[in-house]
Amino acid sequence: MACETHTAAVLEEIGQGLKLVSQPIPEPVYGSAVIRVLATPISPTTNRVITGKFPVGLNTPVTPSSSAVARVYAVGPDATLLKPGQLVFYDFCIRSRDDYDTSILQGYMGDNKTFEAAWTHGTFAQYACVPLERLWVLNEDLLVNKLKYTFAELAFLGTISIAVAGLIDIDTRPGDTVIVAPATGCFGGSAAHAAIAMGARVIACGRNEEILSKMTDTFKSSGRFKTVKMTGDVEIDTAAIKAAAGSEKGTDKYIDFSPPQSVGSKHILSCISAVRPFGNVSFMGAVFAEVGIPYFLLVKNSIRIQGRYMFERTHGEQAIKLVESGHMKLGAGDNSGMHIESFGLQDLGKALDQAEQHGKWAHMVVLEP
């Protein structure tokens, strides 16, 4: 196997840009598999990580990575379920086997040189070497042959599984009313998508009226979707959310995907203030600064705040079940609305730019190496 080669995008140093390199296909060792990458989404922030504008501790040299839909090429000698040829979903959040508190996002975020050095063959390549425990076998006959999903559409599992994790953490159930904020980005939008699929009522909050209107058109057939245009005035926004919920007590849940640039925004205060007593809140964003919360309101109303980073194996399984059962729709139709742009490795630079410029709800840039 070592004599066979493939093409990989390699980042030699932060800020130097990616180079397409021909290199040997990696060989699996204990606890790993080599996968043939079919579709891997590009995060809106990947370009900034590569150029050093978003410093997240990535060590080099490395082939960047993301989640992926792939086909198993070879497995390590300890694999018990995975076999060559199987269609799989891969997620790039890897946790240390001897210290579960230590994690990296393969080829994207780390700050642990020793751990990262074991997983340098990411998905921005024809073949990647990944840990067995971050692979989920997909029912290809059902998902591809019967439901007619493309590999690029199935690649949305990586984003949707993150949202499913946060919603499960706060015990989201059918019939619950869930605030999603900000809802117009790729992750917040996926939370609205996932909550609808899980049977909840959604109140999508944001400032971009155009995207909120498109979301309404996409999810209106569910009968469980409303929007609130945020003004920045806490009293006005809290009242608007409660009005959309149809309850003076407020909503059952609130899931938050605030981006770094939301520092200083009042939306977190407004949304928490619109949660009913004994409600639950999930924080899943990336705000690198302190934010204000209504301390005594949380105490008085017994509101629980849960932080969540990425997702566990059970969350990935649940996301797959939602798609397989038909409760969660993928692609461009109703209750999904996803527009996908696909690029080959030779157009990786253009793909990175597109992902950075158009990283909003319903727009996904996918690399198909």
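Since every read-out is calculated from the coordinates, none of them should be taken as a lab result. In this text, all values refer to a predicted model and were calculated from it rather than measured experimentally. Because the Cβ atoms are built from the backbone with ideal geometry, glycine has one as well, and the counts that use them run over all protein chains shown.
Apply the Kirkwood formula to region 114-156: the hydrodynamic radius equals the inverse of the mean of 1/r over all pairs of different alpha-carbon atoms; give it in Å with one decimal. Walk me through the intermediate numbers first.
Numbers: mean 1/r = 0.0796 Å⁻¹.
Evaluated over region 114-156, this radius sits at 12.6 Å.
Suppose only helical runs count, i.e. DSSP H with n ≥ 4. What mean residue ellipticity at 222 nm does that imply for the chain under -39500 (n - 2.57) per run, divided by all residues and rounded to the nearest 500 deg cm²/dmol? Before the final figure, lay out the partial values.
Working: 11 runs with 98 residues, N = 369.
Calculated at 222 nm, the ellipticity per residue is -7500 deg cm²/dmol.
In this simple spin-label approximation, Asp171 and Asn145 carry label points 7 Å from Cα along the Cα→Cβ vector, and these lie 4.2 nm apart. Helix 313-324 and the longest principal axis of the C-alpha atoms of the chain enclose an angle of approximately 80°.
Expressed as a whole number of Å, what is the distance separating the alpha-carbon centroids of region 172-211 and region 1-33? Going from one Cα centre to the other spans 38 Å. The length gained by stretching the chain between Val299 and Leu81 to full extension, at 0.36 nm per residue less their Cα-Cα distance, is 73.8 nm.
Under the definition of Cα pairs under 8 Å and six or more residues apart, what whole-number percent is the relative contact order of the chain? Before the final figure, lay out each step's value.
Details: 867 pairs, mean separation 64.7, N = 369.
After rounding, I find 18 percent.
Restricted to Cα atoms, region 76-149 shows a radius of gyration and a Dmax of 14.3, 44 angstrom.
Once Lys and Arg get +1 and Asp and Glu get -1 on their Cβ, which of Asn112, Ile160, Met230 lies farthest toward the positive end of the dipole of the chain? Result: Met230, furthest along the dipole toward the positive end. Taking a point 7 Å out from the Cα of Glu317 in the direction of its Cβ, the residues of region 68-109 whose backbone N falls within less than 19 Å of it are 79-83, 87-95.
Which value, in debye to the nearest 20, gives the size of the charge dipole of region 173-227 about its Cα centre, when Lys and Arg are +1 and Asp and Glu are -1 at the Cβ?
Details: 7 positive and 4 negative charges, 33 e Å.
So the magnitude is around 160 debye.
Modelled spin labels at Glu13 and Asp99, positioned 7 Å past Cα toward Cβ, are 2.8 nm from each other.
Multiplying the residue separation of Ala286 and Lys53 by 0.36 nm and removing their Cα-Cα distance gives an extension gain of 82.4 nm.
In the chain, taking the dipole from charged Cβ atoms about the Cα centre, the farthest positive-side position among His358, Ser65, Leu82 is held by His358. Using only side-chain charges placed at the Cβ, +1 for Lys and Arg and -1 for Asp and Glu, the dipole size of the chain relative to its Cα centre rounds to 900 debye. Against the chain, whose longest principal axis comes from its Cα atoms, helix 209-219 is set at around 80 degrees. Charges were assigned to the Cβ only: +1 to each Lys and Arg, -1 to each Asp and Glu. The resulting dipole of region 162-307 about its Cα centre is roughly 320 debye.
Dipole orientation for region 162-307: of the candidates Tyr295, Gly250, Ala181, Gly250 has the Cα lying most toward the positive pole (charges on Cβ; Lys, Arg +1; Asp, Glu -1). For region 162-307, what does the alpha-carbon gyration tensor say about shape, rounded, prolate or oblate, given a ≥ b ≥ c as the root eigenvalues, a/c under 1.5 as rounded, and a/b over b/c as prolate? Because its axes are fairly even, with a/c under 1.5, region 162-307 counts as rounded.
In a Gaussian network model over the chain where Cα atoms closer than 10 Å are linked, find which of Val275, Val323, Val178 has the largest mean-square fluctuation. Maximum among the listed residues: Val323. By the scheme Lys and Arg +1, Asp and Glu -1, what is the net charge of all other residues having a beta-carbon under 11 Å from that of His315? After counting each charged neighbour, the total is -1.
Once each part is reduced to its C-alpha centroid, what is the distance from region 275-335 to region 39-114 in angstrom? Distance between centres, Cα-based: 23 Å.
For the pair Tyr309 and Lys113 in one chain, pulling the backbone fully straight at 0.36 nm per residue adds 68.5 nm over the alpha carbon distance.
What angle do you read, to the nearest 10 degrees and between 0 and 90, between the alpha-carbon axis of helix 157-169 and the longest principal axis of the chain? Roughly 40 degrees, rounded to the nearest 10.
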